[in-house]
Amino acid sequence: MTGASLRLCRSLLQRCPCLRGTNPNCLTPALTSSIMTRSLSDSAAPPAAIQNPEAVTKQSVSQGYGGIADTPRLRSSLNDTEVAKFAAIAETWWDFEGPFKPLHLMNPTRVSFIRSALCRYFRRDPYSSRPFEGLKIIDVGCGGGILCEPLARMGACVTGIDVVEKNINVAQVHAGLDPLTSSIEYICMTAEQLVRSNRKFDAVLALEVIEHVVDPSDFVESLSALVAPGGSTVISTINRSLRAYAAAIVAAEYLLNWLPRGTHQWSKFLTPEELVLILQRASILVEEMAGFVYNPLTGEWSLSDDTSVNFIAFGTKEIPPTM
Amino acid sequence: MRLAKELNIAILDSNPALKLTVHFNKDGVPHPRVSTVTPATISFFKEVGAWEYVEKQRHAYFNQMQVWDYSGLGYTRYHSRDVGKDYLGCVVENKLLCDSLLSRLQNLDFKKTIHTCRLISMEFPSQGDPTTTDTEQAHMMSGSPGVVPSGNTVEQIRHGSSIKLVLSDGSSLFAKLVVGADGAKSLVREMAGLTTTSWNYPQNAVICTVEHSVENNCAWQRFLPSGPIALLPIGDKFSNIVWTMSPEEASIHKSMSRDDFVKAVNYALDYGYGSHPQSKFINGFMHRISSISGQNMASMEEHFQLPPKVTDLVSERMTFPLSLRHAREYVSKRVVLIGDAAHAVHPLAGQGVNLGFSDAAALAKVIDQGLLVGYDIGEVSLLKKYEKERKIANMTMMGILELFQKAYSVDLGPLNVLRAAAFHGAQFIAPLKRNIVSYAMGDQKWPLFT
């Protein structure tokens, strides 16, 4: 999620330099100097070669933001303030009471949707304790690994990619603490770069990412390219509705302080119909969709038919007909 | 509960009985330590598959209950038919409860190991290296029956996030979750640094087994000036006595001769300290009230009865000091408390062990739900769901019991009349009676307004 916010911010600044000044609570002197050194080092970093992703894991982790240097579409002058802001709280990924608390609260609901959808599609027993045994899953924009770890515990072979190096570090350290999750592969790179390595996955997950990318269609094309034939993809995002504006932006960012201000931009939200069309163009057929609702009284998220704010979609890629 | 089968469980209990394969023998006199299990607990045992072992041995279902006090101003009779059930509860010896669970455990095939040794220390994981231990003491599972499940990773490779338990036989275990079910003086609670609120009651309980010449199938409780005396059927013309009194009186009663004790018990249950409640005048008057409030229940028609005379004391007398203890937090990182380790209550309503079993059921459900979504079972946010569910329920029950205990500790005219009025209310107001019975049986979550 934070990796995606990063991309959003970069794209915003690429297009609208005037926005640079509109970020509140950002430029303290200390931050400014760290930003200067950061942007200098970034431009010097070479792009990562992606012949052997496993070997690259060690390498790219130390490369900083070099991973993005060669993707002209997603690259833009960094919104260093946002980067610094997220990098600063990267350690708090696994603090359940910290800034990522809303995500932790929402996570079990997302995982239960993924579990039921994937079990149904791949014909696994939903009551087995490791239903995803043998499935290769990738989480695009994995952040600190909040989604990767439960999936690994359910038996999947998980890969997580994110563009923020700190996130990958945090995710790697945390996953190493539990033998069940220490096999998760974390790589600091974008989906586009991974596509070039020709790796395919049974399930490609991009949760709360697509609302941050510059061009959703291109992003979905990359995701689709990562899906093995007969595989699936799960995308979740926020609906471009009035209710979502009130809930996800006004309430979450300004009133409740659940998210840093400027995390989301309402115009980048997609309606369910648009998402379905975009996926269709990338040869992915959406088979299931559900909404998440938050109950403020119990403090819990649950799945529902109400897709007016957060929603999640499960799509499958057809197996190409053999000639 | 299917997912939890994959967990690796280690049970730590230094009670040597766990090593025995020969189980409970029916003959002999019932042991004085018994528990009254509510229908809710019985369903839990049935769900787990352990109740059938209990039914093979001595146990006593009862469907009637009478509660009165020394002032002679009122009484209440409850019958399970008041709420359309067959029994109010069942009295079972503690050893049998433990035994049935153990027998069931041995028939199940999941990864479990029983370590009959003491816990010496727990090392908690920190971000870096494990920290030094907190205290070094032994722990024993007292009174409360039940198993202690804790996830156990056997690999020695990466235990960065597990708790390391060092045992008295020199071995160590690594656990993702430690469940402290080790009683009111819980070591696990102490080592985890969970604090409690507690106070001692100025009362001790004397318990023993007595015999009658006739079968007893009702639970009797009489509130005396220094504390209640309860007579619970245990089967085969035996009954269990739980008599709460001041510590000095308790030691006197413990050391007096058998005959004197039997006489004292009969006196306490009969005309001692006050007269029988007058059942004639009030009944007729109250009849009108009860017909207004709803259907007449069978138990409202029943007159006051005397409990069967005790003919002999057949076991040793045991005394225990009584206190209330409640952990302020049930949960900390990778540690959760259930049963008496989390809350210890006054025995006056026989609820203690039932609260404990409800805790166990709730925790099992929460863990299963967590496994379904790939949670790390030691994660505090998951365990907090268990705490949220049980803490309020436990505190409500404790509050009610505390109210009773305080109400009966004062012998003052107006207060006696108030208590009598409460008795009459409970006896004759049908909805109230139904709520009380259902709540005490564990079928209802809250005492009123459900």
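None of the figures in this text is laboratory data; all of them are computed from the coordinates on show. Because the structure is predicted, anything quoted here is derived from the model rather than measured. Every residue, glycine as well, gets a Cβ built from its backbone with ideal geometry; the counts of neighbours run over all protein chains shown.
A straight Cα-to-Cα reach below 15 Å connects residue B:56 with the aspartates and glutamates B:27, B:93, B:99, B:236, residues fewer than 8 places away in its own chain not being considered.
Computed from the C-beta positions of residue B:185 and residue A:283, the FRET efficiency with R₀ = 51 Å rounds to 0.20. Per residue of peptide A:102-109, the mean number of Cβ atoms on other chains within 10 Å of the residue Cβ is 2. Footprinting exposure proxy ranking of A:159, A:271, fewest other C-beta atoms within 10 angstrom first, gives A:271, A:159.
Hey, can you rank A:241-251, B:238-248 by average C-beta count inside 10 Å, highest first? Can you show the working numbers first?
Working: A:241-251: 16.7, B:238-248: 22.0.
Answer by packing, highest mean first, reads B:238-248, A:241-251.
Listed cross-link partners A:136/A:200; B:85/B:433; B:5/B:365; A:101/B:5; B:254/B:406 are compared with a 19 Å cut-off, the Cα-Cα value being larger for A:101/B:5; B:254/B:406.
Listing B:325, B:334 from fewest to most neighbouring C-beta atoms within 10 Å gives B:325, B:334.
Annotation for residue A:318 and residue B:17: the two label points, set 7 Å from Cα along the Cα-Cβ direction, are 6.8 nm apart. Remark: segment A:168-323 carries a charge dipole of roughly 300 debye about the Cα centre, counting +1 on each Lys and Arg Cβ and -1 on each Asp and Glu Cβ. Note on A:124-130: average number of Cβ atoms from other chains within 10 Å of each residue's Cβ is 3.
Computed from the C-beta positions of residue A:273 and residue A:125 and an R0 of 45 Å, the FRET efficiency is 0.85 to the nearest 0.05. Tell me which of B:400, B:349, B:412 sits at the most positive position along the dipole axis of chain B, charges placed on C-beta atoms (Lys, Arg +1; Asp, Glu -1). Sorting the options by dipole projection puts first B:400. A helix-only calculation puts chain B at -10500 deg cm²/dmol for mean residue ellipticity at 222 nm, using -39500 (n - 2.57) for each DSSP H run of at least four residues, averaged over all residues. Peptide B:375-381 shows a mean partner chain C-beta count of 4 within 10 Å per residue C-beta. In the elastic network of chain B, a GNM with C-alpha springs shorter than 10 Å, the most mobile of B:214, B:437, B:331 is B:214. Largest mean-square fluctuation among B:180, B:84, B:399, in a Gaussian network model of chain B whose springs join Cα atoms under 10 Å apart, belongs to B:84. Taking other Cβ atoms within 10 Å as a rough exposure proxy, B:343, B:424 sort from fewest to most as B:424, B:343. Our estimate of slack between residue B:5 and residue B:257, defined as 0.36 nm per intervening residue step minus the Cα-Cα distance, is 85.5 nm. For residue A:133 and residue B:116, the FRET efficiency from 1/(1 + (r/R0)^6), where r spans their Cβ atoms and R0 equals 35 Å, is about 0.50.
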